[in-house]
1. Which condition number in (1) charged (D, E, K, R); (2) modelled with pLDDT of 80 or more; (3) surrounded by fewer than 17 Cβ atoms within 10 Å (Cβ to Cβ); (4) within 35 Å of the chain's Cα centre (by Cα) is the one that ARG568 fails?
2. If ASN45 meets every condition in (1) within 32 Å of the chain's Cα centre (by Cα); (2) in contact (Cβ under 8 Å) with a residue 24 or more places away in the chain apart from one, which number is that one?
3. Consider region 508-527. How many of its residues are assigned to a loop (DSSP other than H, G, I, E, B) and either in contact with a Gly (Cβ under 9 Å, 6 or more places away or on another chain) or open to solvent by 20 Å² or more (accessible area, probe 1.4 Å) (or both)?
4. Kindly evaluate VAL348 against the criterion of being surrounded by fewer than 19 Cβ atoms within 10 Å (Cβ to Cβ) and not small (Gly, Ala, Ser).
5. Starting from region 387-412, take each residue that is closer than 16 Å to GLY499 by Cα and list its partners that are part of a helix (DSSP H, G or I) and polar (S, T, N, Q), counting only C-beta distances under 8 angstrom and pairs at least six apart or across chains.
6. Taking the condition of being modelled with pLDDT of 80 or more and open to solvent by less than 20 Å² (accessible area, probe 1.4 Å), how many residues in region 275-301 meet it?
7. Quick one: count up the residues across region 159-180 that are in a loop (DSSP other than H, G, I, E, B) and in contact with a Leu (Cβ under 8 Å, 6 or more places away or on another chain).
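The values are calculated or read from the model by the stated rules, or taken from the named source; none is laboratory data. Note that the structure is predicted; figures quoted are calculated from it, not measured. Here Cβ is always computed from backbone atoms with ideal geometry, including for glycine, and neighbour counts include all displayed protein chains. Quick note on the areas: whole protein, heavy atoms, side chains included, nothing else; ligands and nucleic acids left out. Shrake-Rupley method; radii C 1.70, N 1.55, O 1.52, S 1.80 Å.
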Amino acid sequence: MADTVSYRPKAGEIPTQPGVYRFKDDKGRVLYVGKAKNLRARLSNYFAPLQNLHERTRRMVLSASAVEWTVVGTEFEALQLEFTWIKEFNPPFNVQFRDDKSYPYLAISLGDTVPRVLVTRNRSIKGARYFGPYTKVWAIRETVDLMLKAFPMRSCSDSTYKRAEQTGRPCLLGDIGKCAAPCVGRITKEEHKSIALDFASFMAGNDSKYIGDVGRKMKAAAAEQDYESAARYRDQLAALETALSKSTVVLGDDVDADIFGIAHDELAAAVQQFRVRGGRIRGVRSWVVDKELDLDLAELVETVVQNAYDDEVPPPRLVVVPELPEDAPELEQWLGSVRAERGSSGKVVLRVAQRGDLAALAQTVGTNAKNALILYKTRRSGDFVARSQALADIQEALGMPDAPLRMECYDVSHLSGTNIVASMVVFEDGLPRKDQYRRFSIPNSTDDTESIYQTLSRRLAYLSDDAAIEPAPDPTTEPVTGTDLKKFSYRPNLLIVDGGQPQVASAARALADAGVTGITLCGIAKRLEEIWLPDSDYPVILPRNSDALFLIQRIRDEAHRFAITYQRQRRSKDVNSQLVEIPGLGPARARELLRHFGSVTQLRAAEVTSIAEVKGIGPTLAQAIYESLRA
């Protein structure tokens, strides 16, 4: 392999000023757009020896045939130009956004002579103010129905409005008081537009002002014995309070903020955005990001925030993110310019919530993002067409004679070289078969490769081609449920181990020693998500967004989870057995100790006086427990 690519420019040719660079292929297609404070320093990272590059970066560099750059005056200008080029060229190696929903919004067409409130998914209505997004159409329709009692503005279609103008008869909404009926001249168009502006202002977060105004008008009308007007104001006040009760109060009345939560792995990221206006959650949006190159959380934050405000909704003055990007000041400046373009004043502050209600809400948003990522993966794995394609792609990539209808994956877990255990998980037709999972206890092992060898040797004893009889049950192998050994002996098409070349070589040795043939073997190295085959100097690289890599990653993660769970169970049993051996401390008191301290770590760290405070534990027994756990 060559040290670097042929199109590498000379170091002296690359300027040291801020700028934006583009990698292109031989057809002129832009593959990747990036920015840099120092172009020479940044681009030199891409032209390091190929074997030292991250696998996905190496693939991008090898796919390109040229690199171009544009020098700009400041880092802020670089940020702007990068954003513009990404939108223009849609480079495949940049982050790809996948928003599988067209969210409904509440829109007020303030650009019209007679504004209209409507529920729409169209974000291109000229002069309209948008509120949301909402996750459910029924929720926004319910909000509009309530708000029309307080702000009786037009909600009918253009054809209905013109027909009422021509006939001089309002529609039903005008008759029941949910429209002020400008179509028949009950109020002027200017008065109607004032109602629409008040509606928009209320939805933007100025709710306490209107509730206070309506309350004062109601009391004033009652004092003047204008009970009809007082009743009307009372109904408006009730409608406003009902609408507000459907929006959760999370922060102070003066807080306008957008809070982002991001959960990501090697292949994708799920983003949640909560829009808080006037201290209330006014909209929730979620989307999925496909990661082609390896990006850390700070880099994801920058890309997510840039794309979140590529519409008519201006950013608020406060944007809360899980981690600040390197060029946070330039990003704040860019957000401030976007806010000014959308007609709002004031600078934008980008920050990480540290404490209080804001931090609690940020944690909630982050939890939503984690759940969204899990749901995305679950739905993807549940798609029959995607699973079938994944199995076919794995067959082709690994050179298998048949599709891997049964796959077994193995992982080893230990705690500083002790309590070594291993797991075996089974996927059939791309779905987990939990009744056929197995757990292995490994009493003695020198390292992970030896543990892999021992585990597979014990499993392969049931598959040996020259085995005349079925082996006796292995006492260190535990089925998850009471399944019979015939299920255990069912031959897989593909064996997967968690690890790279050393682990694969160890597994191949176990296959050879057991005399088992006809089974494909591979390993998946977590850092680069690359697939290693026996006796191969180079890994198999599956496309980052492919269903094949997603399936292999999922079975590897399941094996890891299962091994960790088993190890924790064993550690818990070890501690319990140690506790119950203490004279005077039975199983019930041992459980009470662990329940009181919450974990073994906390119990080990506790002093004698703290242990003695537990119900049923006296000073003498507490001293015995203290000495036993530190023996």
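1. Single failed check for ARG568: (2).
2. (2)
3. Here is the first cut: in region 508-527, the residues assigned to a loop (DSSP other than H, G, I, E, B) are 515-519, 526-527.
With either in contact with a Gly (Cβ under 9 Å, 6 or more places away or on another chain) or open to solvent by 20 Å² or more (accessible area, probe 1.4 Å) (or both) added as a condition, the list becomes 515, 517-519, 526-527.
Counting residues in region 508-527 that are assigned to a loop (DSSP other than H, G, I, E, B) and either in contact with a Gly (Cβ under 9 Å, 6 or more places away or on another chain) or open to solvent by 20 Å² or more (accessible area, probe 1.4 Å) (or both) gives 6.
4. Details: surrounded by fewer than 19 Cβ atoms within 10 Å (Cβ to Cβ): no; not small (Gly, Ala, Ser): yes.
When the stated conditions are applied, VAL348 does not pass them.
5. So the pair list comes out as TYR410/THR455; VAL412/SER451; VAL412/THR455.
6. 6
7. Here the count works out to 2.
The rows are residues; the columns are (1) over 30 Å from PHE427 (Cβ atoms); (2) open to solvent by 30 Å² or more (accessible area, probe 1.4 Å); (3) modelled with pLDDT of 80 or more; (4) under 41 Å from the mean Cα position of the chain (by Cα).
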| residue | (1), (2), (3), (4) |
| --- | --- |
| SER577 | yes, yes, no, yes |
| VAL580 | yes, yes, no, no |
| PRO583 | yes, yes, no, no |
| ARG589 | yes, yes, no, no |
| ARG595 | yes, yes, no, yes |
| VAL600 | yes, yes, no, yes |
| LYS615 | yes, yes, no, no |
| PRO619 | yes, yes, yes, no |
| ALA631 | yes, yes, no, no |
